[in-house]
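> Before we start, here is the structure in question, set down as structure tokens.
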Amino acid sequence: MTAITFDVQTRCFHLLNDRVSYILRLGAGAYPLHLYWGRRVRAVHDDLLSRLTPYTDETFSLHETPLDLLPQECPVMGGADLREGMLTVRHTDGTDALDLRYERHEILEGKPQLAGLPSARGEGARTLLLTLRDAESGLSVELAYTIYDDADIIARSARIINGGAQAVTLERALSACVDFEKADFSLVTLSGAWARERQASVRPLVQGDQGVSTTRGASSVQTNPFLALLAPGATETQGEVYAMALCYSGSFAASVQVDQHGMARAQIGIQPVNFSWTLAPGESFTTPEAYLCFSAEGLGGMSRQFHTLVHSHITTGRWARSERPLLVNNWEATYFGFDEEKLLSLARCAKDVGIDLFVLDDGWFGHRDADNSSLGDWVDDMRKLPHGLAGLSERIHALGMKFGLWVEPEMISPDSDLYRAHPDWCIHAGNRTRIESRHQLVLDLSREDVREYIVTSICAALRRGNVDYVKWDMNRNINMWGSACLSADRQKELGHRYILGLYEIMSRVVREFPDVLFESCAGGGGRFDLGLMCLMPQAWCSDDTDAWMRCRIQYATSYVFPPSTMGAHVSAVPNHQTGRISPLATRAAVAMGGTYGYELDLTRLPAEELEQIAALNRRVHAMQRVLLYGDFYRLRSPFAGNECAWMSVSPDRREAVVTHVTALAQPNFKPSPLRLAGLDPELDYRDEETGRVWGGDELMNYGFVPNAPWGDYTATQLHLKAL
Ligand code: GLA
């Protein structure tokens, strides 16, 4: 059960569910002050209140008692608090002063959806809308707080409304801020690079600024819109963790500022660098939504809360809670070098081993034989596909398979008919040389004509191909920002306008094809964020398909995102990104940590391997519900050593899949027991493969002992069912 109460006496708002409380108080001249976030408390008494008593309304004076010392809910720049705030404005006279005080509030059942932005749904939730107002300018800010009952998550966003008579420009508009009284936390972030996305890093907080951010126009491969603070002693399995994740796919900033008195201010939102937004009188701006997660069960508990949020409130549509088709994608099998016959032979072979879906990747349109042409020209390349997409799709469907297609709708190749016709449709800075990346430029999604063209041409291709699945790719970041359609004073709106345009075109295309499974992709996992997950339930996790690298990438990706969101494929050996050779069983066990598929030329595999693949596919089908939607436990971190292990448990705890991978084999090595989690201690479990039986209590307290590895990169997998 959730509740939101307002105590008129103490002027406290208390948001709570059965496990968590979040409390704020109107104090110090009616500023919303942060009082508490953590394990549930039933009510607020004097001790908690007295934290803020030096600054009660009777004694408060803005001149004498700087807000600089108080934990706040919506700190602003241009006021008495000199730390970095959530909001900076520029009035027409060039000044930035702002004094936001309580005006009114409303408590709602459920949760309003954000205008123009993806946001979580609100079944079983309650929402507080708290409006603050700056009397001088007429600007108000409506803070939204939603508390869920099935996940220990509080969703926050802010709507800034210009109720004054003059225009006002936002220079900084973050989504959420939490002031902690202490700073004895470790900061966990995800960072990486192409083919090495989302590696976990941990560092102690120090006085000053720290965090992660991007200015690339995408949530990026280099980092991820997430941070977590670990209280002293918090680990994977225990202790208190406070985390924030942002529902946004563009440039963001997530930061912690530790001040002079050792208070820590954590904030997340749209990247303020290169951002501004002008509001005419009467206009409003909505920030993306941030999710605040509290866990008293370490990082593992945090992840299970985020996974519940994703499954119950973020992903939507026919595929959100369904088993996913096993696919084969031709990218690493053929790259650009294919014709219809080659594709059909791959599809036939895939069908024979029980694969459900054939995906045609890049290179089917225009005259694209390499990555240097044709993006934007979504017309079939009849040289490669003599019967067009329609003919190929018909032939694939006739095999009894589903048909999927790759598109990269946001891009334009300078060598394309589209570019020759509309050279100003891309993002560019006046007459300066346009800097290409992967030989391509980015379409200006702030323009309505561009959005119309994309929706029309992409929908036509998907209809022509009668597709069952779409991989929506985006292969470069944005530089030299500039739009031919925006006035000089609005050029800094382009980054956010691009993302709003993206959400609009994606929503329109997804709505047009309600039965199609959509997977997003960005040069691998370059936009692996909750924003896109509201629109597309899965995302390609990384262009790195090497099993051991994927252990690391998927392990840390699971901090926020469940396996049902992570595209993961078995690829060829030697691996195309690392040259590493790992056994087929290991590559498959790791790919089962996500939405399962293949990305290699099956027609070149020996008969024994094809038989093995057919058996693996039967296994995936048997285990998929638990693998994708079970409660997820990380057991051994690949960032800590030579092993990696994780498991998923069904909600009734009667079924589980455990995966254990060892990187390098060592001679004379005694494997240590792997303690499992989430099982029922009273039940006995049998491994479906070997018939071995253990007690749930035994597996969780002593563990199961993996075989000593023979050879590098070996995996053991258990499919446990309760007897
Ligand atoms: C990106 C994707 C790959 C593949 C190529 C095609 O790199 O991440 O999976 O689709 O584009 O060009």
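Bear in mind that the values in this text are calculations on the coordinates, not laboratory data. Just so it is clear, the structure is predicted and the values come from calculations on it, not from any experiment. Virtual Cβ from ideal backbone geometry, glycine too; neighbours counted across all protein chains shown.
> Would you work out if the stretch 587-648 is rounded, prolate or oblate? Take a ≥ b ≥ c from the square roots of the eigenvalues of the alpha-carbon gyration tensor; rounded if a/c is under 1.5, else prolate when a/b is larger than b/c, oblate otherwise.
In terms of gyration-tensor shape, oblate.
> Right, something else. Is there a quick way to get the dipole size of the stretch 444-533? I mean about its Cα centre, with the Cβ of Lys and Arg at +1 and of Asp and Glu at -1; what is the value in debye to the nearest 20?
Here the stretch 444-533 has a charge dipole of around 120 debye.
> Normalised by the number of residues in the stretch 66-180, what is the relative contact order in percent for Cα pairs under 8 Å and 6+ residues apart?
Relative contact order comes out at 27 percent.
> Kindly rank 265-271, 175-181 from highest to lowest mean number of other beta carbons found within 10 Å of each residue.
The densest-packed peptide leads the list: 265-271, 175-181.
> Moving on to the next point. Treating the angle as unsigned and between 0 and 90°, give the value, to the nearest 10°, between the Cα long axis of helix 388-398 and the longest Cα principal axis of the chain.
70
> Additional query: Pairs of Cα atoms under 8 Å, at least six residues apart: use those to get the relative contact order of the chain, whole percent.
10
> Looking at the chain, how many pairs of lysines come closer than 23 Å at the Cα, when each pair is eight or more places apart or spans two chains?
The number of close lysine pairs in the chain is 10.
> Between 0 and 90 degrees, rounded to the nearest ten: what's the tilt of helix 448-464 against the longest Cα principal axis of the chain?
The angle comes out near 30 degrees.
> Further question: With θ set to phi - 60°, apply the Karplus curve 6.51 cos²θ - 1.76 cosθ + 1.60 along the stretch 135-143 and write out the HN-Hα couplings as whole Hz, x wherever there is a Gly or Pro.
4, 5, 9, x, 6, 10, 10, 9, 8
> Quick query: amide H of Asp684 versus all other amide H atoms, modeled in the peptide plane; which residues come in under 5 Å with a sequence gap of 5 or more or a different chain?
When sequence neighbours closer than 5 places are left aside, the close amide H contacts are Gly696, Leu723.
> Specify which residue in the list Asn431, Met566, Trp472 is farthest towards the positive end of the charge dipole of the chain, using unit charges on the beta carbon of Lys, Arg (+1) and Asp, Glu (-1), about the Cα centre.
The listed residue farthest towards the positive side: Met566.
> Under the rule that a partner needs its Cβ under 4.7 Å from the first Cβ, which Cys of the chain have none?
Singleton cysteines: Cys12, Cys74, Cys177, Cys247, Cys293, Cys349, Cys426, Cys459, Cys485, Cys521, Cys534, Cys541.
> Rg(Cα) of the stretch 590-723 divided by 2.2 N^0.38 Å?
In units of the 2.2 N^0.38 Å rule of thumb, it is 1.09.
> Further question on the same structure: Taking the Cα centre of the chain as origin and charging only Cβ (+1 Lys, Arg; -1 Asp, Glu), how large is the dipole, in debye to the nearest 20?
That gives a dipole near 720 debye.
> Lys/Arg Cβ at +1, Asp/Glu Cβ at -1, dipole of the stretch 228-345 taken about the Cα centre: which of Ser255, Ile270, Thr286 is farthest positive-ward?
With unit charges placed on the Cβ atoms, the residue in question is Thr286.
> Once you have a ≥ b ≥ c as the square roots of the Cα gyration tensor eigenvalues for the chain, tell me rounded if a/c is under 1.5, and otherwise prolate or oblate according to whether a/b is larger than b/c.
oblate
> Determine which residues of the stretch 478-512 fall in the zone a paramagnetic label at Asp449 would reach in this model, i.e. backbone nitrogen under 16 Å from the point 7 Å along Cα→Cβ.
483-487
> Give the angle, between 0 and 90 degrees and rounded to the nearest 10, that separates the Cα long axis of helix 298-309 from the longest principal axis of the Cα atoms of the chain.
Helix 298-309 sits roughly 80 degrees off the main axis of the chain.
> Out of the DSSP beta bridges found with both residues in the chain, what percent are antiparallel (nearest 5)?
For the chain, the DSSP antiparallel bridge percentage is about 80.
> Moving on. Would you mind putting 3-9, 380-386, 489-495 in packing order, based on average other-beta-carbon counts within 10 Å, highest first?
Listed from highest to lowest mean packing, they are 489-495, 380-386, 3-9.
> Can I ask one more? To the nearest 20 Debye, how big is the dipole of the stretch 401-448 about its Cα centre, given +1 on the beta carbon of each Lys and Arg and -1 on that of each Asp and Glu?
My answer is approximately 100 debye.
> Related question: List every residue whose amide H lies under 5 Å from the amide H of Gly27, counting only residues 5 or more places away in sequence or on a different chain, with H placed 1.01 Å from N in the peptide plane.
Residues meeting the criterion, in which the H sits 1.01 Å from N, are Leu33.
> Can you find, among Gln554, Gln717, Phe403, the residue farthest towards the positive end of the dipole of the chain? Put +1 on the C-beta of Lys and Arg, -1 on that of Asp and Glu.
Positive-most Cα among the choices belongs to Gln717.
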